[in-house]
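Trainee: Before we start, here is the structure in question, set down as structure tokens.
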Amino acid sequence: MADIRAGNGAGRGKSAMDTATVVGLACGFGLIGAAILLGGHPASFVNLPGVLIVFGGTFAVTTMCFSLPEVTRTAGILSKAIFRSDRDPSEAAIAVLKVAEMARRQGVLSLQSVLESLKNEPFLHKGISMVVDGTPAEEVEMIMRRDMQATLHRHAKSAGVLRKAAEFAPAMGLIGTLIGLVQMLGSLDDPSTIGPSMAVALLTTFYGAVLATMVFSPLAAKLERNSAEETLVSNVYAMGVASIGRQENPRRLEMLLNSVLPPIKRVQYFD
């Protein structure tokens, strides 16, 4: 049992800052900020009407495509792009193989003694609990697969919200540009209004391009990557639990797991 507990939770590492996301955002905005500072007038890049048009307009139009709960839920999920738990499929496979080996040697009911140590992995804990309760292996696998699909659907919906926002941000910038140009052309007789109107026209396009290219699209891609990584770990757990429920040889389970793991992540648990 000690070995199982040592391996447990390996698939779900400690939550830590995603260095790639933070460095990418910092470098991107840092370069833009440096270019602005070198131009000599940072304040000229701040325009409240442009911010309202692009930020507010993008949020409003994106919400029209989905629902308010879906949009607000996506805002919460964005934290996972910066603070996330490492998902190592190799360590998840080792943890499952340890549980399978224990079930093979001591019987499925013996797994009840390790359920408490599996709570760090709710998906694996749920599957093993059903096996211990005597649920048929086919039914356990079906339930776990459905849970995986539901989770994948939620992640895809959140990434879709960001993708839509990335589409609408430049369009809202273009709308702001048209507003600024109309205001400028409508008051050519007053030179004092030409500058502010032109600022709105140009800055809204700038805001929209920055939002779409440097925020929404990269974060959507990161959420999709994290979702694929989590799905692989969940698939490892589902295959392992189904194999345990069918009381198959753990050596066969090792071969099955290696068939879905990337080459560099394949494991060799049994000699």
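Trainee: For the chain, treating each Cα as an identical point scatterer without solvent, what Debye log10 I(q)/I(0) comes out at q = 0.12, 0.14 1/Å?
Mentor: With no solvent term, the Cα-only Debye profile gives -0.80, -0.96.
Trainee: Could you check how much of the accessible area of region 31-180 is carbon and sulfur, as a whole percent, using a 1.4 Å probe?
Mentor: 66
Trainee: Now for a separate question. When the accessible area of region 202-271 is computed with all protein chains present and a 1.4 Å probe, what percentage of it is carbon and sulfur?
Mentor: 58
Trainee: For the chain, set up a GNM with springs between Cα atoms under 10 Å and report which of Leu181, Leu78, Leu219 has the largest fluctuation.
Mentor: The residue with the greatest mean-square fluctuation here is Leu181.
Trainee: Among His125, His41, His153, which one shows the biggest mean-square fluctuation in a GNM of the chain, springs joining Cα atoms closer than 10 Å?
Mentor: So, out of His125, His41, His153, the one fluctuating most is His41.
Trainee: Could you size up the charge dipole of region 123-271 around its Cα centre, putting +1 on the beta carbon of Lys and Arg and -1 on that of Asp and Glu, and report it in debye to the nearest 20?
Mentor: 280
Trainee: Taking the 0 to 90 degree range and rounding to the nearest ten, how far is the long axis of helix 19-39 tilted relative to the main principal axis of the chain, both from C-alpha atoms?
Mentor: Between helix and principal axis, roughly 10 degrees.
Trainee: What does the charge dipole of region 91-165 about its Cα centre add up to, to the nearest 20 debye, if the Cβ of each Lys and Arg holds +1 and the Cβ of each Asp and Glu holds -1?
Mentor: Using only the charged Cβ atoms, the result is roughly 460 debye.
Trainee: How large is the accessible surface per residue of region 118-198, computed with a 1.4 Å probe and reported in Å² as a whole number?
Mentor: I get 54 Å² per residue for region 118-198.
Trainee: Using label points projected 7 Å from each Cα along Cα→Cβ, tell me how many nm separate Ala209 and Ala75, to one decimal.
Mentor: Rounded to a tenth, the inter-label distance reads 2.8 nm.
Trainee: Among Gly33, Thr74, Ile53, flag the residue with its Cα farthest along the positive direction of the charge dipole of region 17-94, charges on Cβ as +1 for Lys/Arg and -1 for Asp/Glu.
Mentor: Working it through, the farthest residue towards the positive pole turns out to be Ile53.
Trainee: At 222 nm, what helix-only mean residue ellipticity would the chain give, in deg cm²/dmol to the nearest 500, using -39500 (n - 2.57) for each DSSP H run of four or more?
Mentor: -23500 deg cm²/dmol
Trainee: What does the charge dipole of the chain about its Cα centre add up to, to the nearest 20 debye, if the Cβ of each Lys and Arg holds +1 and the Cβ of each Asp and Glu holds -1?
Mentor: In debye, rounded to 20, the chain gives about 440.
Trainee: Would you please classify the overall shape of region 106-204 from the alpha carbon gyration tensor, given that a ≥ b ≥ c denote the square roots of the eigenvalues, rounded means a/c under 1.5, and beyond that prolate means a/b larger than b/c while oblate covers the rest?
Mentor: Judged from the Cα gyration tensor, region 106-204 comes out prolate (a/c at least 1.5, a/b above b/c).
Trainee: Could you identify which residue out of Thr58, Thr204, Thr193 has the top mean-square fluctuation in a GNM of the chain using Cα springs shorter than 10 Å?
Mentor: Residue with maximal mean-square fluctuation among Thr58, Thr204, Thr193: Thr193.
Trainee: Okay, next question. Keeping all protein chains in place, calculate the accessible area per residue for region 212-264 (probe 1.4 angstrom), answer in Å².
Mentor: Per residue, region 212-264 has an accessible area of 43 Å².
Trainee: Mind checking the alpha-carbon convex hull of region 128-271 and giving the volume per residue in Å³?
Mentor: In region 128-271, the Cα hull volume divided by residue count equals 125 Å³.
Trainee: Report, in degrees rounded to the nearest 10, the 0 to 90 angle that the Cα long axis of helix 122-132 makes with the longest principal axis of the chain.
Mentor: 30
The values are calculated or read from the model by the stated rules, or taken from the named source; none is laboratory data. Bear in mind the structure is a predicted one, so any value in this text is a computation, not a measurement. Glycine also receives a Cβ, built like all others from the backbone with ideal geometry; neighbour counts cover every protein chain displayed. Heads up: the accessible areas ignore ligands, DNA and RNA and are worked out on the full protein's heavy atoms, side chains in. Shrake-Rupley method; radii C 1.70, N 1.55, O 1.52, S 1.80 Å.
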